[in-house]
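The values are calculated or read from the model by the stated rules, or taken from the named source; none is laboratory data. Note that the structure is a prediction, hence the values are computed from the model and not measured. Methodologically, a virtual Cβ is constructed for each residue, glycine included, from the backbone with ideal geometry; neighbour enumeration extends over all protein chains shown.
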Amino acid sequence: MSRKIVATLFIVGFAAVPVIAKLLGQPYYLTLFGRILIYCISALSVNLLLGFVGLVSFGHAMFLGIGAYAVGICAYYGIESGFVQWPLGIAAAALAGLIVGAISVRLTGLYFIMITLAFGQLFYFVASGLTLYGGDDGMTIDARSGFGGYVNLGNQTTLYYLILAIMLLFLVLLHRLSRSRLGMVIAGIRANESRMQALGFPTYRYKLIGFVISATMCSVSGLLLANLTDFVTAQYMTWQRSGEILVMALVGGMSSLFGPVIGATALLLFEEVFSAYTDHWAVILGPILVLIVLYMPHGLWGLLPDSKKASS
Amino acid sequence: MTQFATQLLNGLQLGVALFLMSAGLTLVLGIMNFVNLAHGSFFMIAAYVAATTYKYTQSFVVSGLAAVASAFAVGVAVDIICVRKLYDRDHLAHVLATFGLTLFFNEAVRIIWGPAGIFAAVPPFLAGQVEIAPGLIYPVYRLVVLGVGVVTGLGLYGVIVKTRAGMIVRAGGSDRMMAAAMGVNIRTLSAAVFGAGAALAGLAGFMAAPMVAVQSGMGDPILILTLVVIVIGGIGSVRGAVLASLVVGVVDTLGRVYIPMAIGSTLPRAVADALSPALTSMLIYLIMTAILVFKPRGLLPASTG
């Protein structure tokens, strides 16, 4: 099966979930796949840095948390309009991304991993210190984001299709980005940064732009997660969460556009299926991750034949 | 004053534990450029083994040996099964594989020892308290931990700075390619360092067991602290690890006591209660961020140390 067919099958499958859930009388599937799609968005945003810019962010859960808290804190003060919550969350994440990125993208390799980890921890401790908004115990959100009379997110199916639409929109945007001038410059930086500098490109600025876009995308997954779970907690921002998002992108295959979607889906479905049989599914998942690293350097996506190129 | 002395001792004790953890990790990072997120698992496994062995043998020495030996054995096994195959790969592969190992070990101890965590007893002959200075009463066990840590740390430092084996390790840390060109077998060296690092992490876990909750995931927070230490000290630098361990241990411990007091006396209570836990936890990350911005190679970079 070529990659194009698999990608199409995935998208058709996601679109069919509400219908199947209704036929089987399993409304829970909507929540499950909604969560999967949300983590697809997070993994895509991390992969923008990972696959495009070549930077390993170990702190992306902070942006997910910022989005989630934008919904939670607004709702706490009775501001339930999504027209306020969402731009606020996205702007906050963009600002945080700008500040964190301005400091972090100067560094490379291991140092970049460590500084994003440090910032992730800083934001996590801020959130867990916000006891007014639940801290580590979390806070229930009474009403989902309201969009006037246009979209009613209280309806689980509507929310699911909104999540799917946003995921697809991001896929398209990333595809366009990779073919834009900005995307070309970023790909050049990943391949050889000093050469790009010699060509006169301000590489720092381009990497920062990549970081801010990635942060903004990730915050959208947070906005959606808070709406899906009706809950926000500092636990959304732990370093383990950042690690999981990174693992999703890697398992799927970071050198591709669609890989993170496969990775997030595979990982969360694995967790779902095996946790039905045993509480100890992590004992199986751990060695699988090791095997994937050892024997599938391009992730699950890399196993599929490429329709355009003979080898990749 | 007494309180300050007690907290300083607590801080030094955390610092010593952090040094035992970071010594092996920083060398593996420095020599092989390998990121090991599973280092905290060695700490955890040793703590479990120590608690269980002590329960059955009632011998502090036997449980200590068993703990260190188990951490060493797991370390060597991990090196053979996966780590040495990953040296040629990038940091991402290291992070992903060792993240998987951590998942495995955290769940494995839950299967073996149960989900609730277990209790590690302080041996009776170390259970009391002692007055080390007028008015300064301190638990004997913590004092012993501090002592063992300092002795091990000094011994390790002596080995690394004074012996031929240590010279090879340092050579590998400052310039791997050059050391290899001089005839050092880098693979053997890194396997030895990896195993020794795991054993040291095991020693830290064994000593920490009676003072913390022995439970699944207990290695994760200390792993993160260890990574902070390594970055602050300078990757691959043993001297940096010594300095940074003590700085992080003391600053973190003193910060937890004095920041809430300072904030509590200046700001209204409600604000202080919300602010101080966050601020105290953030302190060392703020230091690390500052170091990365202003001295990205760490306080004592490996090539000069």
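Annotations
- Screening region A:1-91 for helices (runs of 4 or more DSSP H) wholly inside it with 3 or more residues that are polar (S, T, N, Q) and within 16 Å of the chain's Cα centre (by Cα) returns the ranges A:28-47.
- Checking each residue in region B:47-80 for being farther than 20 Å from B:GLY219 by Cα and exposed (fewer than 14 other Cβ atoms within 10 Å of the Cβ) picks out B:LYS55, B:TYR56, B:THR57, B:GLN58, B:SER59, B:VAL61, B:ILE80.
- Screening A:ARG190 on (1) closer than 24 Å to B:THR102 by Cα; (2) within 13 Å of another protein chain (Cβ to nearest Cβ); (3) not polar (S, T, N, Q) shows it passes everything except condition (1).
- Every condition in (1) under 17 Å from B:GLY197 (Cβ atoms); (2) of a type in the set (A, V, I, L, M); (3) in contact with a Pro (Cβ under 6 Å, 6 or more places away or on another chain) holds for B:ALA120 except the one numbered (1).
- Counting only residues that are under 14 Å from B:LEU146 (Cα atoms) and either free of Cβ contacts under 8 Å to residues at least 12 places away in the same chain or among the hydroxyl-bearing types (Ser, Thr, Tyr) (or both), region B:1-18 holds 1 of them.
Residue by residue, here is whether (1) among the charged types (D, E, K, R); (2) crowded, with 24+ Cβ neighbours inside 10 Å; (3) within 25 Å of B:ILE81 (Cα to Cα) holds:
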{"position": "A:MET248", "(1), (2), (3)": "no, yes, yes"}
{"position": "A:MET254", "(1), (2), (3)": "no, yes, yes"}
{"position": "A:LEU257", "(1), (2), (3)": "no, no, no"}
{"position": "A:ILE262", "(1), (2), (3)": "no, yes, no"}
{"position": "A:THR265", "(1), (2), (3)": "no, no, no"}
{"position": "A:LEU269", "(1), (2), (3)": "no, no, no"}
{"position": "A:ASP279", "(1), (2), (3)": "yes, no, no"}
{"position": "A:GLY286", "(1), (2), (3)": "no, no, yes"}
{"position": "A:MET296", "(1), (2), (3)": "no, no, yes"}
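- Look at region A:233-250: where a residue is within 11 Å of another protein chain (Cβ to nearest Cβ) and a partner is crowded, with 21+ Cβ neighbours inside 10 Å and part of a loop (DSSP other than H, G, I, E, B), sitting 6+ places away or on another chain with Cβ atoms under 6 Å, you get A:SER242/A:PHE58; A:SER242/A:GLY59; A:SER242/A:HIS60.
- A count restricted to region A:92-129 and to residues that are buried (at least 19 other Cβ atoms within 10 Å of the Cβ) and in a loop (DSSP other than H, G, I, E, B) stands at 1.
- Of all residues in region B:93-103, none are in contact (Cβ under 8 Å) with a residue 24 or more places away in the chain, within 13 Å of chain A (Cβ to nearest Cβ) and not in a helix (DSSP H, G or I).
- Picking from residues in region A:113-131 that are more than 20 Å from the chain's Cα centre (by Cα) and either more than 9 Å from every other protein chain (Cβ to nearest Cβ) or without any contact (Cβ under 8 Å) to a residue 24 or more places away in the chain (or both), the one that is farthest from B:ALA290 (Cα to Cα) is A:THR131.
- Residues satisfying the stated conditions in region B:7-36, i.e. more than 14 Å from every other protein chain (Cβ to nearest Cβ) and at pLDDT below 85: B:GLY24, B:LEU27
- Taking the numbered list (1) without any contact (Cβ under 8 Å) to a residue 60 or more places away in the chain; (2) touching a helix residue (DSSP H, G or I) at 6+ places or on another chain (Cβ under 6 Å) in turn, A:GLY210 passes all entries but (1).
- Breaking point among (1) under 19 Å from A:ASP230 (Cβ atoms); (2) within 14 Å of chain B (Cβ to nearest Cβ), for A:VAL71: (2)
- Filter result (buried (at least 21 other Cβ atoms within 10 Å of the Cβ), on the phi < 0 side of the Ramachandran plot and not in a helix (DSSP H, G or I)) within region B:216-271: B:SER216, B:MET218, B:ILE235, B:SER237
- Region A:132-159 - residue that is in contact (Cβ under 8 Å) with a residue 24 or more places away in the chain and out of contact with any helix residue (DSSP H, G or I) (no Cβ under 8 Å at 6 or more places or on another chain) and, of those, surrounded by the fewest Cβ atoms within 10 Å (Cβ to Cβ): A:ASP137
- Condition met for A:PHE201 (assigned to a loop (DSSP other than H, G, I, E, B), surrounded by fewer than 23 Cβ atoms within 10 Å (Cβ to Cβ) and not basic (Lys, Arg)): yes
- Residue within region B:257-270 that is under 16 Å from A:VAL126 (Cβ atoms), facing another protein chain (nearest Cβ under 9 Å) and touching a residue at least 12 places away in the same chain (Cβ under 8 Å) present: no
- Test result for A:ALA75, of a type outside the set (Val, Ile, Thr), touching a residue at least 60 places away in the same chain (Cβ under 8 Å) and touching a Ser or Thr at 6+ places or on another chain (Cβ under 7 Å): no
- For region B:206-217, the criterion of being under 30 Å from A:GLY59 (Cα atoms), touching a residue at least 12 places away in the same chain (Cβ under 8 Å) and within 14 Å of chain A (Cβ to nearest Cβ) is met by at least one residue.
- Taken over region B:81-92, residues that are free of Cβ contacts under 8 Å to residues at least 24 places away in the same chain and either in a helix (DSSP H, G or I) or more than 7 Å from chain A (Cβ to nearest Cβ) (or both) amount to 6.
Residues checked against (1) surrounded by fewer than 21 Cβ atoms within 10 Å (Cβ to Cβ); (2) small (Gly, Ala, Ser):
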residue: A:VAL6; (1), (2): yes, no
residue: A:VAL19; (1), (2): yes, no
residue: A:LEU23; (1), (2): yes, no
residue: A:ILE38; (1), (2): no, no
residue: A:LEU48; (1), (2): no, no
residue: A:PHE52; (1), (2): no, no
residue: A:MET62; (1), (2): no, no
residue: A:GLY78; (1), (2): yes, yes
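- Matching residues in region B:219-238 - criterion: being more than 11 Å from the chain's Cα centre (by Cα) and either at pLDDT below 90 or within 11 Å of chain A (Cβ to nearest Cβ) (or both): B:VAL231, B:ILE232, B:GLY234, B:ILE235, B:GLY236, B:SER237, B:VAL238
- Qualifying residues in region B:104-131 (those that are surrounded by 13 or more Cβ atoms within 10 Å (Cβ to Cβ) and aromatic (Phe, Trp, Tyr)) - the one nearest to the other protein chains (Cβ to nearest Cβ): B:PHE104
- Condition check for B:MET182: surrounded by fewer than 17 Cβ atoms within 10 Å (Cβ to Cβ) and more than 30 Å from A:GLY134 (Cβ to Cβ): yes
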